[in-house]
Amino acid sequence: MLSRTRPKVQLPLPGPKARAILARDHGVMSPTYHRPYGWVPDRGEGAWVWDVDGNLFLDLMAGIAVNTTGYAHPRIVQAVQEQAARFAHVCFSDFAHESAVRLAERLVQKLGGGYRVYFGNSGTEGIEAAIKLARYHTRRPYFLAFSGSFHGRTLGSLSLTASSSRYREGFGPLLPVYHLPYPNPYRMKDPLDQVLSHLESLFRHLVSPQEVAAVIVEPIQGEGGYIVPPSGFLQALQQAVQPHGILLILDEVQSGVGRTGTFLASEPEGIRPDMVVLAKGLASGYPISALLAREELMTWGPGSQGTTFGGNAVSIAAAHATLDLLEEGLMEQAVQVGARLLHGLREYQKLYPQLGDVRGRGLMIGLEFIHPDGREHPELRDRVMLKAFEQGLLTLSAGPSSLRLAPPLILSFEEAETALEIFGEVFRQALH
Ligand code: PMP
């Protein structure tokens, strides 16, 4: 166990081996890949990971909120090895297998019953399936989504995504989607009222609600900046759209699977969504997504949707092992360790006015960096992220000027303390 360890980094980063790989990466890969800093992994254990030069990092990003159980968790490795030795693939679109059916049953049970499941391979595929099902079931053309949202990069989900115009530039025309402001308590006065009055005005001036198939929303906005909306938001949204027959689709790709301390981040709202999409953390790093839709909505028949790899047996095995670990206490741990991190970061906020907002739930934590007049400060955020890297902490950006912390849910108290201590040094260097 590495829990008493501290990161060990030899500057400058990236080291010689990482630099050589990054040069080859630059020479052969599609220029669309984004490299926020020069980290090239070699192997990991728990929340710790070595790069190819032997530097040791504490991981607070989990491969973008994916590695729920950290690196190489023995239970995940065992589940994957056992399944790989039996079969990896039978094409679930054509042939059922027990463990995939059982995973669907487990997921439906977590939502209280009454749903059916469609398995895909990635978040965007789950969202595409939700878009198609909403259109198929309602026979309506339009969608509603939120500015700042991220739902994927295939053409359907890209039409919903509105976190950066760069993601959309050059790819239009896209599906017909109207975007509402996301209720941001840090940046808006009366955020819920603003969203609801925007919706009312949209229905009055731009689109008849009878033509809208669905509204798609992240319960906590991820790529947009780890924004936690006021409680009651999802309830209010559902109440506003349901009378018009507009479906409510929750994108829990980043916020779901225990990250916020409940299986779904939307659970505290007590609503029954029409559809929920899960992906990222569901199988601790193995590709999978699950669309859950209320059973009355699954009116499509054989062939209306399908995919070769969805329901891959190795990913399903990793998902079972992930759910087992969640059920054995990982979510409770995420709540407690997350509360410790939030508290420690809020103490730093008192010292540094540039740290405008510290927010989050469980282990989904955002830090927003600002200019003295409150404007977003992307350069400062980038400086903090790079200093953190040099001090051996892996973090990621989110939104215009926020840093996101999405560590594996196995992060211990001790590791959280280590991270907080190192943040002290990072802030001292980057914010003075
Ligand atoms: N929805 C949300 C909320 C996401 O955060 C992401 C990925 N960042 C996606 C959808 C798309 O997932 P994928 O990259 O697996 O297609």
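The values are calculated or read from the model by the stated rules, or taken from the named source; none is laboratory data. Values in this document were obtained by computation on a predicted structure and should not be read as measured data. Backbone-built Cβ (ideal geometry, glycine too); neighbour counts: all protein chains shown.
Assorted remarks:
- Note on segment 381-397: residues that are in a loop (DSSP other than H, G, I, E, B) and touching a strand residue (DSSP E or B) at 6+ places or on another chain (Cβ under 9 Å) total 2.
- Every residue from segment 251-273 that is free of Cβ contacts under 8 Å to residues at least 60 places away in the same chain, more than 16 Å from the ligand (Cβ to nearest atom) and part of a loop (DSSP other than H, G, I, E, B): Gly270, Ile271
Matching residues to (1) within 20 Å of Gly261 (Cβ to Cβ); (2) at pLDDT 95 or above; (3) touching a strand residue (DSSP E or B) at 6+ places or on another chain (Cβ under 9 Å); (4) not hydroxyl-bearing (Ser, Thr, Tyr):
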| position | (1), (2), (3), (4) |
| --- | --- |
| Leu342 | yes, yes, yes, yes |
| Glu347 | no, yes, no, yes |
| Leu355 | no, yes, yes, yes |
| Ile370 | no, yes, yes, yes |
| Asp373 | no, yes, no, yes |
| Gly399 | no, yes, yes, yes |
| Ala406 | yes, yes, yes, yes |
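- Residue satisfying condition, being at pLDDT below 95 and more than 25 Å from Leu264 (Cβ to Cβ), within set His432, His377: His432
- Flag for Val337 being without any contact (Cβ under 8 Å) to a residue 60 or more places away in the chain and either touching a Gly at 6+ places or on another chain (Cβ under 8 Å) or buried (at least 20 other Cβ atoms within 10 Å of the Cβ) (or both): no
- Residue satisfying condition, being farther than 22 Å from Ala419 by Cβ and small (Gly, Ala, Ser), within set Gly27, Gly44, Gly70: Gly27
- Residue list for segment 125-164, restricted to those being in contact with a Leu (Cβ under 8 Å, 6 or more places away or on another chain) and within 8 Å of the ligand (Cβ to nearest atom): Gly126, Ile127, Ser149, His151, Gly152
- Taken together, Ser149, Ser93, Ser157, Ser99 contain a single residue that is assigned to a loop (DSSP other than H, G, I, E, B) and either in contact with a helix residue (DSSP H, G or I) (Cβ under 9 Å, 6 or more places away or on another chain) or crowded, with 21+ Cβ neighbours inside 10 Å (or both), which is Ser149.
- Residues in segment 102-121 that are within 16 Å of the ligand (Cβ to nearest atom) and surrounded by fewer than 21 Cβ atoms within 10 Å (Cβ to Cβ): Asn121 alone.
- Top-ranked residue of segment 204-213 - restricted to ones that are assigned to a helix (DSSP H, G or I) and over 30 Å from the mean Cα position of the chain (by Cα), ranked as surrounded by the fewest Cβ atoms within 10 Å (Cβ to Cβ): His205
Every residue, every condition in (1) of a type in the set (Lys, Arg); (2) under 25 Å from Glu425 (Cβ atoms); (3) touching an Asp or Glu at 6+ places or on another chain (Cβ under 9 Å), yes or no:
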| position | (1), (2), (3) |
| --- | --- |
| Arg6 | yes, yes, yes |
| Gln10 | no, yes, yes |
| Leu13 | no, yes, yes |
| Ala23 | no, no, no |
| Gly27 | no, no, no |
| Thr32 | no, no, no |
| Pro36 | no, yes, yes |
| Val40 | no, yes, yes |
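- The residues in segment 183-228 that are farther than 30 Å from Leu355 by Cα and of a type in the set (Phe, Trp, Tyr) can be counted, and the count is 1.
Residue-by-condition table, conditions (1) surrounded by fewer than 16 Cβ atoms within 10 Å (Cβ to Cβ); (2) touching a helix residue (DSSP H, G or I) at 6+ places or on another chain (Cβ under 6 Å):
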{"site": "Tyr37", "(1), (2)": "yes, yes"}
{"site": "Val40", "(1), (2)": "no, yes"}
{"site": "Trp48", "(1), (2)": "no, no"}
{"site": "Gly54", "(1), (2)": "yes, no"}
{"site": "Ala65", "(1), (2)": "no, yes"}
{"site": "Pro74", "(1), (2)": "yes, no"}
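- Tally, over segment 95-149, of residues that are under 28 Å from Leu326 (Cβ atoms), under 24 Å from the mean Cα position of the chain (by Cα) and among the hydroxyl-bearing types (Ser, Thr, Tyr): 5
- Take the conditions (1) more than 16 Å from the ligand (Cβ to nearest atom); (2) under 15 Å from Ala406 (Cα atoms); Ser284 misses just one of them, which is (1).
- Scanning segment 180-199 for residues that are in a helix (DSSP H, G or I) and without any contact (Cβ under 8 Å) to a residue 12 or more places away in the chain yields Asp193, Ser197.
- Residues located in segment 224-247, provided they are touching a strand residue (DSSP E or B) at 6+ places or on another chain (Cβ under 6 Å) and not β-branched (Val, Ile, Thr): Gly225, Tyr226, Gln238, Leu247
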